[in-house]
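Colleague: Got a structure for you, questions after.
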Amino acid sequence: MLTRRRSHRDSLIWATAPTVHSRGRGRAPAPHTPAVQTFHRPEPVQGQESHPGHVHRITPPAHNGQPPLHPLTDKAANHRLQAYETAVKSSFDRILPLLRELTGLRREKGFIAKAQALAEQTLGIRLPEHLLEDAWIKGLDMSRLHAACLFETYCRMADGFFAHDPLKGHDTRAFNAFLQSCGFHLMDVTPCADGRLAHAISYVLRLPFGAVRRRSSAGALFDVEDTVSKWVEVEHARYRAGTPNTADAPTRYLKTVIYHFSSRHPSHEGCAAHGSDDTAAAGAGLERLLAFRQAVENGFCCGASVALLLMGLDTDTDALRIHVPDAQGHMDLQLSLDTGDIYHQTLSMTPEAARGYILEQVRRHAPAAPDEGMVKLIAQLVEHNLSQLDYVRRRHGGAYPDQGHAERFMGVGVGFEEIQLRNLTFFACLRTVEEGAADLDVGCRILGGLNHPHGRPIPVVIRFDYHGQVPGARERAITRCRQVDRAMTERFAPQVRDGLLHRLLVVRDCDTRAGLERVASSLDPTGQGGHR
């Protein structure tokens with residue numbers, strides 16, 4: 001039976017988050033406080049760009065032994081993002097301690113009632129009764145219980161995200177206006193499917209997720225045909241409905257690729273799809289970008305409506321390596337702007353001088369004269385990223401402790417806009433197992449390596465969003481969920497047979513703020529997942 005989940009404020013993970021303090025800098029804002037995102041910055045004072053450090057430097061004070069904040073850091077946004085991340089990740093981190101407690105209760109009288117009370121108190125969920133009923137005879141099936149806890153925790157998180165928009169990602173007006181002022185009408189971003197890039201939009205770039213098309217892919221090797229189809233859809237909307245702007249507006253579709261690398265362990269913790277070779281990752285990303293532009297030129301026009309941008313992300317520090325294109329769209333893989341360097345070079349400047357310096361450096365790092373709209377956009381992305389560098393400095397001393405993979409589950413299908421946190425999910429964006437086989441294999445290898453040595457399964461959420469205004473869309477999404485589930489059970493038959501891979505099937509109407517609708521699970525009493 002299909003069930004539609006309904007979220008309640010008192011059951012939301014983020015709504016019950018502990019108050020976060022900035023280590024001596026006062027109380028964090030309440031979860032509903034919107035982030036401050038400045039998409040229109042004041043122009044630098046005349047002469048500041050050529051001599052930004054001469055008379056405009058300041059000495060940022062340290063606070064309680066903490067490193068000084070960058071003058072362009074958005075402190076309010078950092079506090080709010082930290083509160084959300086802490087609340088969500090701590091909810092997943094409470095799963096294993098709960099399971100350990102359950103093992104000590106299973107022979108006690110009234111075990112089921114005690115187990116449910118403990119699950120509600122610890123995670124705010126109820127456990128499947130059929131997994132508890134025979135525990136006194138057979139013992140607890142910890143593998144299935146682990147998957148059940150994770151699936152329920154994910155659903156709580158997702159329902160709260162859609163009901164209350166804690167990251168304010170649907171407030172897109174300011175960014176859309178800014179983007180068009182830069183000469184672009186849509187920003188389409190492909191980060192690698194690696195969970196260490198799942199926060200790229202809302203944290204690393206500090207952009208409203210509702211204004212950016214994100215399609216993750218292993219190695220950032222996006223599907224060229226799918227992107228061309230999206231370009232056609234967007235251009236059609238401009239002609240027919242004037243959305244997001246009219247077709248005569250001098251703007252372009254901006255396709256962006258984010259590859260990744262590791263500054264601390266470059267040969268081991270880089271992109272697995274490219275053998276931890278960041279040069280190969282950058283080259284492959286650029287190749288896909290050029291193929292997309294060529295496809296548009298060959299099939300439709302001269303390609304003037306397409307712009308390209310290539311960025312690398314250091315998954316240890318969240319610093320960006322930006323390959324600034326020139327006015328013709330050419331990018332040099334040997335020439336890049338490093339936001340980590342910009343951070344240190346502008347740390348003691350005034351905000352006005354720092355902004356002027358950033359603009360100057362963006363122009364200098366293009367292989368030839370750049371497009372000024374692209375310069376304006378990249379400068380804003382650099383400024384946003386400086387807040388993220390301070391976020392990592394204050395929380396983790398400048399580099400994440402989990403430099404490798406630490407994903408909790410794998411997301412398969414189409415959707416997952418609520419996943420905006422680092423190392424929470426490995427994505428496999430696909431419509432069929434055949435087309436996404438490479439991503440699935442990488443994801444299962446990563447999650448299997450994290451979980452199987454400890455007897456834990458690979459948790460997989462199979463998800464397809466649909467447009468409720470389209471007749472039959474919901475039924476087709478459900479059918480696709482079941483098709484992918486059947487194909488996955490065949491492809492990973494040994495893991496499924498041994499209870500080392502469990503699936504939750506969900507759909508969602510993406511035209512509304514509704515939560516997830518549960519279709520089936522391999523944990524259901526029938527144990528057949530989507531095969532019914």
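Colleague: Of the listed pairs Lys168/Lys230; Lys89/Lys168; Lys75/Lys168, which have alpha-carbon separations greater than 23 Å here?
Modeller: Lys168/Lys230
Colleague: For segment 313-418, treating each Cα as an identical point scatterer without solvent, what Debye log10 I(q)/I(0) comes out at q = 0.09, 0.14, 0.20 1/Å?
Modeller: Each listed q maps to, in turn, -0.30, -0.66, -1.03.
Colleague: Quick one, what does Rg over Rh come out to for segment 382-532 if you take C-alpha atoms and the Kirkwood Rh?
Modeller: Rounded to two decimals, Rg/Rh equals 1.03.
Colleague: Also: Protein chains only, probe 1.4 Å: how do Cys149, Cys510 rank by accessible area, largest first?
Modeller: Heavy-atom accessible area, descending, gives Cys510, Cys149.
Colleague: Hey, with R₀ at 22 Å, roughly what FRET efficiency would Lys114 and Ala406 work out to, going by the Cβ-Cβ distance, to 0.05?
Modeller: For Lys114 and Ala406, the calculated efficiency is 0.10.
Colleague: Could you give me the percent of Cα pairs per 10 Å distance bin for the chain, shortest bin first, beginning at zero and ending with the bin that holds the maximum distance?
Modeller: 4, 18, 28, 27, 16, 6, 2, 0
Colleague: Using 0.36 nm per residue, how much length does the chain from Glu233 to Glu372 gain when fully extended, once their Cα-Cα distance is taken away?
Modeller: So the chain would gain 47.3 nm between Glu233 and Glu372.
Colleague: Stokes-Einstein at 20 °C, 1.002 mPa s, Kirkwood radius from Cα pairs: D for segment 295-373 in µm² s⁻¹?
Modeller: Reported coefficient: 152 µm²/s.
Colleague: Just to be sure I understand the model, the point goes 7 Å from the Cα along the line to the Cβ. What's the resulting Arg395 to Glu475 distance in nm?
Modeller: Output for this residue pair reads 4.4 nm.
Colleague: Next question. Per-residue ellipticity at 222 nm for the chain, helices alone: DSSP H runs ≥ 4 residues times -39500 (n - 2.57), over residue total, nearest 500 deg cm²/dmol?
Modeller: It comes out at -12500 deg cm²/dmol, rounded to the nearest 500.
Colleague: Please compute the modelled spin-label separation between Gln334 and Arg240, points set 7 Å along Cα→Cβ, answer in nm with one decimal.
Modeller: A separation of 4.8 nm, rounded to one decimal place.
Colleague: Next question. Given a 1.4 Å probe and every protein chain left where it sits, what share in percent of the accessible area of the chain is carbon and sulfur?
Modeller: Carbon and sulfur atoms account for 50 percent of the accessible area of the chain.
Colleague: Leaving out ligands and nucleic acids, and using a 1.4 Å probe, what accessible area per residue does the chain come to in Å²?
Modeller: On a per-residue basis, 41 Å².
Colleague: Right, another one. If you stretched the chain out fully between Glu434 and Arg364, how much longer would it get, using 0.36 nm times the residue separation minus the C-alpha to C-alpha distance?
Modeller: 20.8 nm
Colleague: Regarding segment 195-274, what is the average projected area of its C-alpha convex hull, in nm²?
Modeller: That works out to 6.6 nm².
Colleague: Stretch Arg94-Ala327 to full length: gain in nm at 0.36 nm per residue minus the Cα-Cα span?
Modeller: Roughly 78.8 nm would be gained on extension.
Colleague: Using only the Cα atoms of segment 176-315, what semi-axes does the equivalent ellipsoid have when each is the square root of 5 times a gyration tensor eigenvalue? Give whole Å, largest first.
Modeller: Value: 28, 17, 11 Å, ordered largest first.
Colleague: Sorted by average packing, counted as other Cβ atoms within 10 angstrom per residue and highest first, what order do 109-119, 376-386 take?
Modeller: 376-386, 109-119
Colleague: Under a plain spin-label model, where a point goes 7 Å from the Cα along Cα-to-Cβ, how far apart in nm are Ala304 and His344?
Modeller: 4.4
Colleague: Same structure, new question: Please tell me the relative contact order of segment 176-250 in percent, rounded to the nearest whole number, where contacts are Cα pairs under 8 Å and at least six residues apart.
Modeller: 29
The values are calculated or read from the model by the stated rules, or taken from the named source; none is laboratory data. Here the structure is a predicted model, which is why all the values come from computation and not from measurement. Using ideal geometry, Cβ is built from the backbone for each residue, glycine included, and neighbour counts are taken over all protein chains shown. With ligands, DNA and RNA removed, areas are computed over all heavy atoms of the protein, side chains included. Shrake-Rupley method; radii C 1.70, N 1.55, O 1.52, S 1.80 Å.
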